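S.K.: Can you read through this structure? Questions will come right after.
No lab work stands behind these numbers, since they all come straight from the coordinates. Remember, it's a predicted structure, so these values are computed and weren't measured experimentally. Every residue, glycine as well, gets a Cβ built from its backbone with ideal geometry; the counts of neighbours run over all protein chains shown.
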Amino acid sequence: MENSTSVVLNQLLENDLLTACRERLPYETCGIVYGTAADGIVTAEGYAIVRNGSSSPSDTFSFHPEDWVSAYFQAQKNQRNIVGLFHTHPQGSSVPSTGDEQGSIPWKTYWIVGFANGKQEISIYVRGTHAQWISLPIKHQP
């Protein structure tokens, strides 16, 4: 897998993703990000919500198996590349949690949407060669 060094994110897409996640509070939202990856740059083009199958959805997430399979095959059918996975921290920041440390799936990029102290923010990470979190800069497009 190519090393990602930055993410290009359209402002409209970012706002839409934040709204979709905020509407599902106080539960964790999770899903996939579609886009392209070339020359270390991931360009986000869309996303899909995957139902949270966790037995404790207010503080953990787990992709519902049927929704995950469906989202994956829809991406393949529509010739869309999955360039990241995302989830929210309804009461926390967008910094990886202990749960993220233990359960992250390496899929190009790992997006965390945080809602700490009434604020909302998106942070995007990759895992380094020693499993450390590396924060990627986001280049916003209008």
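S.K.: Whole-Hz ³J(HN,Hα) for each residue in the stretch 20-35, computed from phi via Karplus 6.51 cos²θ - 1.76 cosθ + 1.60 with θ = phi - 60°, x for glycine and proline: what do you get?
M.R.: 4, 6, 4, 5, 9, 4, x, 9, 6, 9, 9, x, 10, 10, 9, x
S.K.: Taking amide H positions as placed in the peptide plane 1.01 Å from N, state which residues far from Y47 in sequence (5 or more) or on other chains have amide H under 5 Å from it.
M.R.: Amide H to amide H, under 5 Å and 5 or more residues apart or across chains, Y47 pairs with Y34.
S.K.: Per residue of the stretch 84-91, what does 6.51 cos²θ - 1.76 cosθ + 1.60 with θ = phi - 60° give for ³J(HN,Hα)? Whole Hz please, x for Gly and Pro, Karplus curve as stated.
M.R.: Whole-Hz 3J(HN,Hα) from phi for the stretch 84-91: x, 10, 9, 7, 10, 10, x, 10.
S.K.: Taking only C-alpha pairs under 8 Å that are 6+ residues apart, what is the relative contact order of the chain in percent?
M.R.: 27 percent
S.K.: Given the options G118, G46, G92, state which has the largest fluctuation in a GNM of the chain using a 10 Å cut-off (strictly under) for Cα springs.
M.R.: Of G118, G46, G92, the most mobile in the Gaussian network model is G118.
S.K.: What order do you get for 127-133, 3-9, 25-31, 53-59 when each peptide is scored by the mean count of other beta carbon atoms within 10 Å, highest first?
M.R.: The densest-packed peptide leads the list: 25-31, 3-9, 53-59, 127-133.
S.K.: Further question: With log10 I(q)/I(0) by the Debye sum over Cα atoms at q = 0.14 Å⁻¹ as the read-out, I listed (i) -0.53; (ii) -0.81; (iii) -0.61; which label goes with the value calculated from this structure?
M.R.: Correct label, based on the coordinates given: (iii).
S.K.: Suppose only helical runs count, i.e. DSSP H with n ≥ 4. What mean residue ellipticity at 222 nm does that imply for the chain under -39500 (n - 2.57) per run, divided by all residues and rounded to the nearest 500 deg cm²/dmol?
M.R.: Computed ellipticity for the chain at 222 nm equals -7000 deg cm²/dmol.
S.K.: Here's something else I'd like to know. Rank-order 107-116, 32-41 by packing density, defined as the average count of other C-beta atoms within 10 Å over each peptide's residues, highest first.
M.R.: 107-116, 32-41
S.K.: Using modelled backbone amide H atoms (1.01 Å from N, in-plane), which distant-in-sequence or interchain residues come within less than 5 Å of T5's amide H?
M.R.: HN-HN under 5 Å from T5: I41, V42.
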